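The values are calculated or read from the model by the stated rules, or taken from the named source; none is laboratory data. Fair warning: this is a prediction, and the values are worked out from it, not measured in the lab. Ideal geometry is used to build each Cβ from the backbone, glycine not excepted, and the neighbour counts take in all protein chains shown.
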């Protein structure tokens, strides 16, 4: 005969109401042991809620580091590698004859695809001040990180450019100006700016639609679409404006080589192009049929029509935004 409130064969598990908490903890622990696989790394720990403060393991993660420091460092490293790769490639392909531009364009595109896949989950792989500004204006990035990102991109570009200068022979480096951009023969500064505006607007719109928009970024191979947009932009604009589409891309090699002729072209053009694409993107999102009509109905105060629209959207599987 077992004692009152105690289950036979389980002296440690009682039905005493004062021991409900201990039993629940025991059952939860058994469920965890049964369903949760062993931790992959030794950093996975379970913090006891009821243990003494001195015995609780400290959380080694830092929200400040993960949110602000790590993305900026990743942008710096990514930009350093990007500038080094494309500057070295430019030096090589500049001696390859009439097809040199194709090699440069493909190298840029492949490098962008690789970096977007590698560092995209950490920093977004902006690697471009014009892209950072456009994504911010489109509502896809924190404004507080814009300046740190741009600084990281510029300093990374300078670092990569000096790595290139340290490796290339002097004659080869002088032949390609260290990968610095220049306006094409017979092209005015205004024409070069317009060219940069258009090809950058094309690139940034692809980035916003494929890599930022929540409805379309799940489509297959967004990095490939972005890389192909870079290739197209360089093939189209390379003979006329250099096909930069990136102020930081032009700044680092200019610092290392000392070539500053018409340098403002590669700041004004890409930034304007990015702003234009951000405006186009916001306009497309604003005037989506479901979102546009739902806002009109909310402004009119006709709840009956709005309710019908929501019912229709649920049946058809279409999402309707109801926030003003």
(request) For residues that are in contact (Cβ under 8 Å) with a residue 24 or more places away in the chain and surrounded by fewer than 19 Cβ atoms within 10 Å (Cβ to Cβ), scanning just segment 89-112, find the one that is farthest from residue 127 (Cα to Cα). (result) 95
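For segment 69-83, does any single residue satisfy the condition of being in contact (Cβ under 8 Å) with a residue 12 or more places away in the chain, outside any helix (DSSP H, G or I), assigned by TED's automatic domain parsing to the domain that holds residue 223 and surrounded by 15 or more Cβ atoms within 10 Å (Cβ to Cβ)? I'd like the intermediate steps shown before the answer.
Taking segment 69-83 first, the residues in contact (Cβ under 8 Å) with a residue 12 or more places away in the chain are 70-83.
Still in the running and outside any helix (DSSP H, G or I): none.
Within segment 69-83 (the criterion being in contact (Cβ under 8 Å) with a residue 12 or more places away in the chain, outside any helix (DSSP H, G or I), assigned by TED's automatic domain parsing to the domain that holds residue 223 and surrounded by 15 or more Cβ atoms within 10 Å (Cβ to Cβ)), the answer is no, since none of the residues qualifies.
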(request) Check off (1) touching a helix residue (DSSP H, G or I) at 6+ places or on another chain (Cβ under 6 Å); (2) under 20 Å from residue 224 (Cβ atoms) for residue 118 and give me the number that stays unchecked. (result) (1)
(request) Answer yes if at least one residue in segment 174-187 is buried (at least 19 other Cβ atoms within 10 Å of the Cβ), free of Cβ contacts under 8 Å to residues at least 24 places away in the same chain and more than 26 Å from residue 92 (Cβ to Cβ), and no otherwise. (result) no
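Specify the residue that is modelled with the highest pLDDT; the eligible residues are those in segment 120-137 that are under 18 Å from residue 222 (Cα atoms) and surrounded by fewer than 21 Cβ atoms within 10 Å (Cβ to Cβ). Steps first, answer last, please.
First, the residues of segment 120-137 that are under 18 Å from residue 222 (Cα atoms): 120-128, 131-132, 134-135.
Now restrict to residues that are surrounded by fewer than 21 Cβ atoms within 10 Å (Cβ to Cβ): 120-122.
Values: 120: 92, 121: 92, 122: 95.
In this case the residue turns out to be 122.
Applying the selection to segment 84-98, what residues are outside any helix (DSSP H, G or I) and touching a helix residue (DSSP H, G or I) at 6+ places or on another chain (Cβ under 8 Å)?
Step one: list which residues in segment 84-98 are outside any helix (DSSP H, G or I), which gives 94-98.
If the condition is that a residue be outside any helix (DSSP H, G or I) and touching a helix residue (DSSP H, G or I) at 6+ places or on another chain (Cβ under 8 Å), then 94, 95, 96 are the ones that fit.
If a residue has to be in a loop (DSSP other than H, G, I, E, B) and closer than 20 Å to residue 76 by Cβ to count, how many in segment 138-176 make the cut? Steps first, please.
First, pick out the residues of segment 138-176 that are in a loop (DSSP other than H, G, I, E, B): 138-142, 168-169.
Filter again for closer than 20 Å to residue 76 by Cβ, leaving 141-142.
Adding up the residues that qualify gives 2.
Where in segment 177-260 are there helices (runs of 4 or more DSSP H), lying wholly inside it, with at least 3 residues that are at pLDDT below 95? It would help to see each step written out before you state the result.
On the way: elements: 189-207, 222-241, 247-257.
In segment 177-260, 222-241 are the helices (runs of 4 or more DSSP H) which contain 3 or more residues that are at pLDDT below 95.
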